[in-house]
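Notes follow once the structure below has been shown.
The values are calculated or read from the model by the stated rules, or taken from the named source; none is laboratory data. Keep in mind the model is a prediction, meaning the values are calculated, not measured. Please note: Cβ atoms are built from the backbone with ideal geometry, for glycine as well, and neighbour counts cover all protein chains shown. Just so you know, the surface numbers come from the protein's heavy atoms only, side chains and all, with ligands and any DNA or RNA stripped out. Shrake-Rupley method; radii C 1.70, N 1.55, O 1.52, S 1.80 Å.
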Amino acid sequence: MAASDLVVAFTGASGSPYGLRLVEVLLRAGRTVHLTISPAAVEVLETESGRTIALAPDAFAPAALLGPRGDGLDLSRLRYHHFRDFRAGIASGSFLTGGMVICPCSLGTLAAVAHGVSENLIHRAADVHLKERRKLVLVPRETPLGLIALRNMVTVTEAGAVVLPAMPAFYTRPERIEDMVDFVVGRVCDQLGVAHGLVRRWGEKGND
């Protein structure tokens, strides 16, 4: 446990490549990542990324999650917590962290966070970050947005969270899907104070 540790949660929204890339980038930056995954996220991971993930603590395999991108990484820095394990350190405010990201963040998870409904470890850890006034970043990927979701976004923002929709930019002139993923992941890292070189910033040489 250290104040530089980061919490990452995957939930059942489209956008698993964002979450996978985020975990990789954080590990490459030397951060310890506390990861928790919802059952719906497992289904999305298999559909979008072809990753088959076991949620049981004794069966979870970091290499299966990250695939070839995990080669060369210190996977001991990836600490997995079952989504029902309220005994995990991240369920308590006494467990120091540098912030939390839910990426992707389903609108159901957004609603739970907005209304303090701690039905699982993801909700509870998010609530902890809000009450401890730590950085909480929510990355929804949904369109169009209904009024309930918009109101929930206002609620979590008023509570101190950052709503960072997965909206890639085009001024960077992306050539691959990976470039668009990196733009969003880079913006998340900016919120966490994690240095990266994922994107060319506006105003840097090369922008027209």
### Message
I'm checking my understanding of the structure. Among residues of segment 125-148 that are among the basic types (K, R) and assigned to a loop (DSSP other than H, G, I, E, B), which one is nearest to V194 (Cα to Cα)?
### Response
K135
### Query
How many of the residues making up segment 43-64 are of a type in the set (S, T, Y), part of a helix (DSSP H, G or I) and open to solvent by 40 Å² or more (accessible area, probe 1.4 Å)?
1
### Task
For T155, state whether it is surrounded by 14 or more Cβ atoms within 10 Å (Cβ to Cβ), closer than 21 Å to L35 by Cβ, in contact with a His (Cβ under 9 Å, 6 or more places away or on another chain) and not hydrophobic (A, V, I, L, M, F, W, C).
no
### Task
Test R151 against the stated conditions and say whether it is basic (K, R), in a loop (DSSP other than H, G, I, E, B) and in contact with a helix residue (DSSP H, G or I) (Cβ under 9 Å, 6 or more places away or on another chain).
no
### Task
State all residues of segment 147-200 that are at positive phi and without any contact (Cβ under 8 Å) to a residue 40 or more places away in the chain; if no residue qualifies, say none.
G160, R173
### Task
Restrict the check to segment 111-128 and report whether at least one residue is among the basic types (K, R) and within 14 Å of A9 (Cβ to Cβ).
yes
### Message
So, in segment 66-93, how many residues would count as being open to solvent by less than 30 Å² (accessible area, probe 1.4 Å) and within 11 Å of L27 (Cβ to Cβ)?
### Response
4
